[in-house]
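Read through the structure below, which is laid out as structure tokens, and then see the notes.
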Amino acid sequence: QVIPLHMGDNIIGRYQKGNPANCTFETVDPSVDLNHCTITVSRDKRGALRYTLKDNNSNTGTFVDNVELNPRERRIIEDGTLFTLGATSIILRTSGEEE
């Protein structure tokens, strides 16, 4: 599946009708929360896109390269970064258009 991201906060979670998260995906993995994590897309001082990942106090945690994010920690991630929500792994793929 592809989960398109937009500028600002992208709340990632398991799809369920009525879920207020704006970047949901279909999964049968019950360990993915409805509002699991957020990727914030912004621009740095040079105008390049920047992706910041944080856990939304999920039940099973958010992991980057098998290391769990601490509560309130924000981690910069890049193209190719593997992050895990519950038992579901996601790879960030940027379009390369930001150069």
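Table for the structure above
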quantity	calculated
Relative contact order (%) - criterion: Cα under 8 Å, at least six apart; region: segment 5-99	22
Nonlocal amide H pairs with residue 10, under 5 Å, H built at 1.01 Å	39, 40, 41
Prolate/oblate/rounded call for segment 42-96, Cα gyration tensor, a/c under 1.5 rounded	oblate
Trypsin sites (Lys or Arg not before Pro) restricted to segment 57-99 and DSSP loop, no more than 13 other C-beta within 10 Å	72, 74, 93
The chain - share of DSSP beta bridges that are antiparallel (%, nearest 5)	90
Accessible-area ranking of 45, 17, largest first, probe 1.4 Å	45, 17
Magnitude of the charge dipole, the chain, Cβ model with Lys/Arg +1 and Asp/Glu -1, debye to 20	300
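The values are calculated or read from the model by the stated rules, or taken from the named source; none is laboratory data. Because the structure is predicted, anything quoted here is derived from the model rather than measured. Every residue, glycine among them, receives a Cβ derived from its backbone with ideal geometry; neighbour counts consider all protein chains shown. Ligands, DNA and RNA are excluded from the accessible area calculation, which covers all protein heavy atoms including side chains. Shrake-Rupley method; radii C 1.70, N 1.55, O 1.52, S 1.80 Å.
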